[in-house]
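The values are calculated or read from the model by the stated rules, or taken from the named source; none is laboratory data. Since the model is a prediction, treat every value here as computed from it, not as a measurement. Backbone-built Cβ (ideal geometry, glycine too); neighbour counts: all protein chains shown.
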Amino acid sequence: MRRTFARVLTTAIVLTAVAGAQQKPDFSGRWVVVSPPEGAGHEQVVTQDAKTLTAELLSEGGGHKMTYQLDGLEHRNAIPSRGAEIVMTSTANWDGDRLVINTRTVYPNGPKTSAKEVWSMDAQGRLIVDYTEAGPTGPGPAMKVIYTRKK
């Protein structure tokens, strides 16, 4: 009896792990910030395939676009800034059904920051991005940004 129970339990755990590993969310879509209130209404367009996730923040003046490789390796992005570049080195890894993006940023005038974003979907289908950042003066406040899909 014990052996049978142990086999059933082991099989259930394996099947749960396999099912969980296969269910990575697709964050593709046009998203609108609903929280925090000071960001409400800002939009971003996300495209995702098996290898990349691209997030394009829409704003007056053109916004900016970041592409992350979903292979867990370090990759470089750069954003033009007043005749120079803001250089970002990022890794993106899946942790179950959450995407974890770690980014180190070097600004043209020297300061460096590090940031962590954890992307997930909640039960209502909203995109949740938990964001933390640390800079030259220490850690900044943690922020949870909640997006709804624009129709």
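The number of residues in the stretch 99-132 being at pLDDT below 95 and of a type in the set (Phe, Trp, Tyr) comes to 1. Considered as a group, the residues in the stretch 70-98 that are closer than 17 Å to Lys116 by Cβ, part of a strand (DSSP E or B) and not hydrophobic (A, V, I, L, M, F, W, C) include one that is modelled with the lowest pLDDT, and that residue is Asn77. How many residues are exposed (fewer than 13 other Cβ atoms within 10 Å of the Cβ) and within 22 Å of Asn93 (Cβ to Cβ) when one looks only at the stretch 103-142? Residues that pass the stated criteria total 4. A count restricted to the stretch 51-69 and to residues that are more than 17 Å from Trp31 (Cα to Cα), modelled with pLDDT of 95 or more and of a type outside the set (D, E, K, R) stands at 3.
Selection over the stretch 42-98 of residues that are in contact (Cβ under 8 Å) with a residue 60 or more places away in the chain and either in contact with an Asp or Glu (Cβ under 7 Å, 6 or more places away or on another chain) or exposed (fewer than 13 other Cβ atoms within 10 Å of the Cβ) (or both) gives a count of 2.
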